[in-house]
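Enquirer: Below is one structure. I have some questions about it.
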Amino acid sequence: QVQPVESGGGLAQAGGSLRLSCAASRRTYANFDMGWFRRAPGKEREFVAGIAWNGASTSYAASVEGRFTISRDNAKATVYLQMNSLKPEDTAVYYCKAVHWNNYERPVGDDWGQGTQVTVSS
């Protein structure tokens, strides 16, 4: 299975914004619910946000609720993560992945892409 390609990471100041993109092959993307995950240095990978295949429902980790917004453009086979009011604790490598329809926190498969680094300075 071809993994999605994440982009858009970089360096931001606390309180700033970044927009991440996840370009997936149509075979991976079609009819799949998608999620964003992140791994901070020295920590386990954790769920950030998930979105239904048709965009009808979304879910967020408590730590990002109200600050991050997940969306998708099915015509472009792309998932986005708009990150506002960034905090230093948001510093991590961010990954996108297909997720199970009944549990967005559960990724499909064990293979992960390269991810995109987000660094937030205080």
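Enquirer: Checking the cross-link filter: which aspartates and glutamates have an alpha carbon closer than 16 Å to that of Lys76, excluding same-chain neighbours under 8 positions apart?
Expert: Glu6, Asp33
Enquirer: Could you name the lysines in cross-link range of Lys43, using Cα to Cα under 18 Å and dropping any fewer than eight places away on the same chain?
Expert: Excluding near neighbours in sequence, the set is Lys87.
Enquirer: Moving on to the next point. Based on alpha-carbon centroids, what's the gap between the range 47-122 and the range 12-32 in Å, whole number please?
Expert: 7
Enquirer: Next up: Quick one: grab the alpha carbon gyration tensor of the chain, order the square roots of its eigenvalues as a ≥ b ≥ c, and give me rounded if a/c is under 1.5, else prolate or oblate depending on whether a/b is larger than b/c.
Expert: Prolate is the answer for the chain, as a/c is 1.5 or above and a/b outweighs b/c.
Enquirer: Here is a follow-up. Can you list the HN-Hα couplings for the range 47-54, worked out from phi with the Karplus curve (6.51, -1.76, 1.60; θ = phi - 60°), rounded to whole Hz and with x for Gly and Pro?
Expert: In residue order, the calculated couplings are 6, 10, 7, x, 9, 5, 4, 9 Hz.
Enquirer: Next question. In the range 8-78, which GluC sites (Glu not before Pro) are in a loop and have at most 10 other Cβ atoms within 10 Å, using DSSP for the loop call?
Expert: Glu44, Glu65
Enquirer: Out of the trypsin sites (Lys or Arg not before Pro) in the range 40-100, which ones are loop residues according to DSSP with at most 14 other C-beta atoms within 10 Å?
Expert: Here the sparse-neighbourhood loop sites are Lys43, Lys76.
Bear in mind these aren't lab numbers, they're just calculated from the coordinates by the rules spelled out. For clarity, every value in this text was computed on a predicted model and none was experimentally measured. Reconstructed Cβ throughout: ideal geometry from the backbone, glycine too, with neighbour counts over all protein chains shown.
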